[in-house]
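Notes to accompany the following structure.
The values are calculated or read from the model by the stated rules, or taken from the named source; none is laboratory data. Being a predicted model, the structure only gives us computed values, none of them experimental. Ideal geometry is used to build each Cβ from the backbone, glycine not excepted, and the neighbour counts take in all protein chains shown. Calculation scope for accessible area: heavy atoms of the full protein, side chains included, ligands and nucleic acids excluded. Shrake-Rupley method; radii C 1.70, N 1.55, O 1.52, S 1.80 Å.
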Amino acid sequence: IFFFFYKGLGHVVHQFDNLYDGIKKEAERYGDNVRYYYLEGKEEKICTYNDMKNRVDYIAAALTKLDLAGKFTCVTGETHPNYVATYIATASTNGVIIPLDKEISIDQFIKFMQFCDTEVIFYTASQQKKMLAAREELPLVKLYVCIGKEDAEFPEDDARFMKAEDFFEIGRKAYEEEGIHAAEENVPDM
């Protein structure tokens with residue numbers, strides 16, 4: 001696989017073996033340079049190349065720690081760096097990623113999740129009502145991870161709901177303290 005960066009009139013070609021290798025090499029090359037500018041609520045935020053690698057590492061480690069690696073994982077909602085990181089981390093832990101449009105109807109959403117035996121769903125806060133409405137129909141889903149809005153309200157009677165920050169903290173501890181480097185260890189070469 002080749003990754004192209006256009007620079008001036010020419011271009012620079014960088015080779016990588018898999019998605020995780022690409023993220024790792026980008027972090028090595030570009031470090032704390034801004035990879036994404038994005039809005040969360042009305043606040044503009046940034047995500048650097050190092051931030052993206054950390055997000056992928058932490059998500060992959062958390063998926064492994066929680067026995068969700070290699071499973072079907074859904075991402076849905078608005079564009080967000082955590083959406084991209086989840087996509088890469090899931091693929092890097094031999095899982096199957098299911099990206100679903102934020103406009104999909106609740107019935108279609110439930111049918112996709114049931115058909116795929118989805119066990120974890122990452123979603124942006126705008127999708128909270130859909131997740132709450134779908135949860136009774138999705139008993140196989142072990143975890144709902146809400147990306148973004150820190151004041152999202154979760155049902156008190158359902159421990160399956162979690163903020164992305166809390167999920168990342170599980171992954172950070174697993175990665176940094178327990179040495180679970182799932183993304184790097186599980187990626188097959190292409």
Name the single residue that is modelled with the lowest pLDDT among those in region 168-190 being open to solvent by less than 50 Å² (accessible area, probe 1.4 Å) and in a loop (DSSP other than H, G, I, E, B). V187
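Quick grid of which residues meet (1) open to solvent by less than 30 Å² (accessible area, probe 1.4 Å); (2) touching a strand residue (DSSP E or B) at 6+ places or on another chain (Cβ under 8 Å); (3) part of a loop (DSSP other than H, G, I, E, B); (4) at pLDDT 95 or above:
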| site | (1), (2), (3), (4) |
| --- | --- |
| E103 | no, no, yes, yes |
| F109 | yes, yes, no, yes |
| M113 | yes, yes, no, yes |
| T118 | yes, yes, yes, yes |
| F122 | yes, yes, no, yes |
| K129 | no, no, no, no |
| V141 | yes, yes, yes, yes |
| K149 | no, yes, yes, no |
| F154 | no, yes, yes, no |
If you go through region 79-94, how many residues are open to solvent by less than 20 Å² (accessible area, probe 1.4 Å) and either under 18 Å from T48 (Cβ atoms) or more than 9 Å from the chain's Cα centre (by Cα) (or both)? 9
May I ask you to list the residues in region 68-78 that are open to solvent by 40 Å² or more (accessible area, probe 1.4 Å) and either among the polar types (S, T, N, Q) or part of a strand (DSSP E or B) (or both)? F72
Tell me whether region 158-167 contains one or more residues that are surrounded by 15 or more Cβ atoms within 10 Å (Cβ to Cβ), assigned to a loop (DSSP other than H, G, I, E, B) and among the aromatic types (F, W, Y). no
For the condition modelled with pLDDT of 95 or more, over 23 Å from G179 (Cβ atoms) and among the β-branched types (V, I, T), what is the one hit in V34, V84, V13, V56? V34
Considering (1) surrounded by 17 or more Cβ atoms within 10 Å (Cβ to Cβ); (2) more than 22 Å from K142 (Cα to Cα); (3) at pLDDT below 95, say which one D51 fails and leave the rest. (3)
